[in-house]
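The values are calculated or read from the model by the stated rules, or taken from the named source; none is laboratory data. Note that the structure is predicted; figures quoted are calculated from it, not measured. Note: ideal-geometry Cβ built from the backbone for every residue, glycine included; neighbour counts use all protein chains shown.
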Amino acid sequence: MLYELPLRAAQGSVGCLIRLAGLDWRMPHYSTLSRRQNDLTVTIPYRPWSGPLHLVIDSTGLKVLGEGEWKVRKHGANKRRLWRKVHMIIDAESHEARAVEMTDHRHGDGEIVPGLLAQLPEGERIEVVSGDGAYDTRDVDEASALRDAALVVPPRRNGRPWKARTIGAAERNETLRAIKRLGRRLWKRWSGYHRRSLAETAMSRLKRLGERLSARDPARQVAEVQIRCAILNTLNALDMPDTIARAESKHKRRPRTLRLIYATVPPRSIKAHAANVWKTPGEARSQLTQKKVLLEKIGAAVGARRRHSLAEKRSSREPEALVC
């Protein structure tokens, strides 16, 4: 599965490696692997965390049937297309998958959250559960309240306050008041909502193992998704990349403001990379001045050309003199 090989090709590849290693092991037949996958119980490994958990939730789709995207775009779809929805809970600290569930496309995101939280041990303390607007449902609020977790989910644009007797209504109504008073953008920054993007990163890494499910039976598809999550957690346990901040000038509206761009670099080259990226304040000011002068010249040229075109239009509209 790591190399996106069918079972028959995987059998030949592993058998070749066994012979090269000089071992007398026997490789099981690919049909045996297919039969055992139906009843396979996969335990997803994870690293224990001593403190409270910050969980992020998201869902994505994996294709089961259907042509490729290029063929559909050029010639249209002429066969049945089918996807499976994969719902995952990601630990924001370790970037590991803690719970996974697979459904068809007819199930919503909010109704799967109680089952996902039930997969986590009762002894683990959950501090925050983050998700997008699709998780603004009563089921999600009730499930997070039962685990004594704060829910960071933006209400819908047309959301209304809930009644007080609903579980989790007080927290959601307070979020509505904060958004109405501060604005949605400021509330997202203040509440730490943007950490939810870690779930999208995990979905991207999951699809790098293949955007299509090779199994056709639903039970085998569940095992395949669980194996993929186990592979991701194993790779995360080996090592994680380090990120550093890189300064870059922004001239569109505020020429002197700097915005941070996070670039992923290997851990050993952090000092060398930082030495090449960061510049002295004098060099940064001189570059900003040169770019500002260039932008002013471009703006002056564009303005002159626009005034010239307006003058031509006005002259063309003036009526010609009558000749008697």
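Here are some notes:
- The set of residues in the stretch 56-76 being in contact with a helix residue (DSSP H, G or I) (Cβ under 8 Å, 6 or more places away or on another chain) and at negative phi consists of Val56, Ile57, Asp58, Ser59, Thr60, Leu62, Val64.
- Test: His107 is on the phi > 0 side of the Ramachandran plot and surrounded by 12 or more Cβ atoms within 10 Å (Cβ to Cβ): no
- Which numbered condition Thr43 fails, given (1) surrounded by 14 or more Cβ atoms within 10 Å (Cβ to Cβ); (2) modelled with pLDDT of 85 or more: (1)
- Looking across the stretch 4-49, the residues that are assigned to a loop (DSSP other than H, G, I, E, B), in contact (Cβ under 8 Å) with a residue 60 or more places away in the chain and over 30 Å from Ile126 (Cβ atoms) come down to Glu4, Pro6, Asn38, Asp39.
- Subset of the stretch 81-123 [in contact (Cβ under 8 Å) with a residue 12 or more places away in the chain, in a loop (DSSP other than H, G, I, E, B), out of contact with any Ser or Thr (no Cβ under 9 Å at 6 or more places or on another chain) and not hydrophobic (A, V, I, L, M, F, W, C)]: Arg81, Glu93, Ser94, Glu96, Asp104, His105, His107, Gln119
- Which numbered condition Gly183 misses (of (1) over 20 Å from the mean Cα position of the chain (by Cα); (2) loosely packed, with under 15 Cβ neighbours inside 10 Å; (3) on the phi < 0 side of the Ramachandran plot): (3)
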